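Okay, so here's the structure we're looking at.
The values are calculated or read from the model by the stated rules, or taken from the named source; none is laboratory data. The structure displayed is predicted, hence computed values, not measured ones. Note that we place each Cβ from the backbone using ideal geometry, even for glycine, and neighbour counts take in every protein chain shown.
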Amino acid sequence: MSLKLPPLNPRPPSWKWIVCGLLLLASAINYMDRQTLAGASVRITREFGLSQTQYGQVEAVFGYAFAAGSVVFGWAADRFGIRGLYALVLVLWSIAGFATGMVSNANELFLCRAFLGFFEAGHWPCAIRTTRLLLDERQRSMGNGLLQSGASLGAILTPLILRVLMGDPNVAGGWRTPFLVVGAAGLLWIIPWFLLVRASDLTGNRAGPVSSGSQPGTAPAASLLSVLLSTRMFVLLATIACINTTWQVLRAWLVKFLQEGRGYTEAQALYFNSAWFGAADIGCLAAGAIAARLAHRGMDVHASRVWVFAGCALLCASAGAVPWLAQGAPLLIVLALVAAGALGVFPLYHAFTQDLPGEHQGKITGIAGVAAWVLPAQAQRLFGIVVDRTGSFDLGLALAGFLPLLALFPLWLLWNHGRTPTPKAMGSRL
């Protein structure tokens with residue numbers, strides 16, 4: 001006689017949104033470890049005698065390492081269980097963040113940022129695969145909005161933590177304490193993750209696309225090569241290269257721009273940096289919610305995403321006004337609008353990636369991560385060179401704001417290229 005184990009208790013409907021909230025916290029931790037450097041950048045560059053170009057290279061090495069980690073962990077997310085892999089990468093990037101607070105020279109700083117970038121790359125393949133498994137097509141923009149908004153939540157908290165923990169700007173080494181505190185705190189996330197999520201919760205493809213007209217899991221599997229050579233993959237690579245360059249340039253240089261480019265004090269720059277990420281969070285949540293709302297009201301899912309993406313891209317383009325704005329309220333308002341648009345495009349991008357075959361979700365996210373970080377890494381280095389040569393941050397910030405508009409056109413024109421649109425989609429096409 002075989003022994004039958006009792007079935008596991010079914011998950012309540014709210015459970016998947018609780019898990020999405022936990023993913024939000026993981027994004028927050030990810031960004032707290034990352035953004036601590038940008039918030040303390042003026043002190044660190046002064047203590048180690050770094051030029052703007054060298055600071056750009058510190059940010060660049062993080063980007064290149066993130067690109068490499070994206071490939072490794074993108075493959076791993078499809079090959080191994082997400083539950084254990086996610087916990088592992090979070091532990092490793094937390095250790096790298098903690099170690100940054102103990103560096104004694106610029107070379108050690110470079111090394112710690114490389115390890116941080118490599119292991120932080122595991123967050124996105126794991127998180128995006130999790131939301132794809134938990135949510136259906138109509139829910140993913142909102143779920144991805146929660147996931148992405150965690151980035152700005154962590155970034156909102158980081159300047160405030162820095163303001164408390166760094167102490168007197170004239171005291172050397174005060175920037176080290178936040179790295180130690182944030183790195184250690186990241187390890188606590190693992191506890192609710194293992195309590196809330198079972199390995200069996202993240203297998204298969206239960207949610208599936210709702211627009212396919214078939215039952216989840218019945219679509220024929222597509223080869224990875226066919227996906228990589230598809231028009232949609234080209235569109236995704238172009239899109240993420242543009243929008244992540246905008247976001248990473250703004251994230252890394254805003255505090256320096258405010259202090260060294262517009263004459264704000266460290267305290268003023270940190271407080272506004274926190275508010276800036278708050279505006280980004282609002283834009284992120286609003287973009288995901290509006291796209292989901294439009295789809296539920298009957299608009300074609302693709303059209304709803306593209307319309308909202310266009311609105312966010314226009315907000316980003318307002319960065320073009322920065323060179324003509326001195327210290328004051330108009331400058332800060334424009335920067336807040338740019339923040340809302342710059343992060344608002346991300347939940348829409350993640351939803352587009354989830355339209356590709358689910359069996360390759362981790363690898364798709366990982367390969368896209370290469371495009372997401374190689375261009376920003378180059379942009380960080382070039383940004384520093386331009387600042388050193390011109391003595392101004394303005395041109396780089398203005399140019400970065402226009403990149404999401406470039407990404408809009410392939411999304412609009414090429415995403416459904418070669419596909420037969422449904423009557424509903426034809427009626428909703430832009």
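Before moving on, here are some points about what is shown:
- Among the criteria (1) under 18 Å from residue 343 (Cβ atoms); (2) of a type in the set (A, V, I, L, M, F, W, C); (3) at pLDDT below 90, the one residue 235 does not fulfil is (1).
- Subset tally (residues that are under 17 Å from residue 243 (Cβ atoms) and of a type in the set (Asp, Glu)) for the range 277-308: 1
- Out of 264, 271, one residue alone is within 30 Å of residue 45 (Cα to Cα) and not in a helix (DSSP H, G or I). It is 264.
- Test: residue in the range 399-410 that is more than 30 Å from residue 82 (Cα to Cα), at pLDDT below 90 and either assigned to a helix (DSSP H, G or I) or of a type in the set (Asp, Glu) (or both): yes
- Evaluation of residue 355 against (1) more than 30 Å from residue 79 (Cα to Cα); (2) surrounded by fewer than 21 Cβ atoms within 10 Å (Cβ to Cβ) (one fails), failing number: (1)
- Filtering the range 12-56 to residues that are more than 13 Å from residue 252 (Cα to Cα), within 20 Å of the chain's Cα centre (by Cα) and among the aromatic types (Phe, Trp, Tyr) leaves only 17.
- Some residue of the range 164-176 being buried (at least 24 other Cβ atoms within 10 Å of the Cβ) and either closer than 16 Å to residue 28 by Cβ or touching a strand residue (DSSP E or B) at 6+ places or on another chain (Cβ under 9 Å) (or both): no
- Those residues of the range 262-272 which are touching a residue at least 60 places away in the same chain (Cβ under 8 Å) and of a type in the set (Ser, Thr, Tyr), in sequence order: 264, 271
- In the range 85-97, the residues that are surrounded by fewer than 24 Cβ atoms within 10 Å (Cβ to Cβ) and over 16 Å from residue 32 (Cα atoms): 85, 87, 88
- Test: residue in the range 279-293 that is buried (at least 17 other Cβ atoms within 10 Å of the Cβ), touching a helix residue (DSSP H, G or I) at 6+ places or on another chain (Cβ under 6 Å) and farther than 19 Å from residue 148 by Cα: no
- Exactly one residue among 203, 100, 130, 158 is polar (S, T, N, Q), closer than 17 Å to residue 84 by Cα and buried (at least 23 other Cβ atoms within 10 Å of the Cβ), and that residue is 130.
- Listed by position, the helices (runs of 4 or more DSSP H) contained in the range 1-110 that have at least 1 residues being basic (Lys, Arg) and either modelled with pLDDT under 85 or in contact with a strand residue (DSSP E or B) (Cβ under 9 Å, 6 or more places away or on another chain) (or both) are 15-39, 52-79.
- Scanning the range 223-261 for residues that are without any contact (Cβ under 8 Å) to a residue 24 or more places away in the chain, of a type outside the set (Ser, Thr, Tyr) and in a helix (DSSP H, G or I) turns up 225, 258.
- Answer residue from the range 34-56, given it is of a type in the set (D, E, K, R) and more than 18 Å from residue 276 (Cα to Cα) and is surrounded by the most Cβ atoms within 10 Å (Cβ to Cβ) among those: 43
- Helices (runs of 4 or more DSSP H) within the range 121-205 that include 3 or more residues out of contact with any Pro (no Cβ under 9 Å at 6 or more places or on another chain), at pLDDT below 85 and small (Gly, Ala, Ser): 137-165
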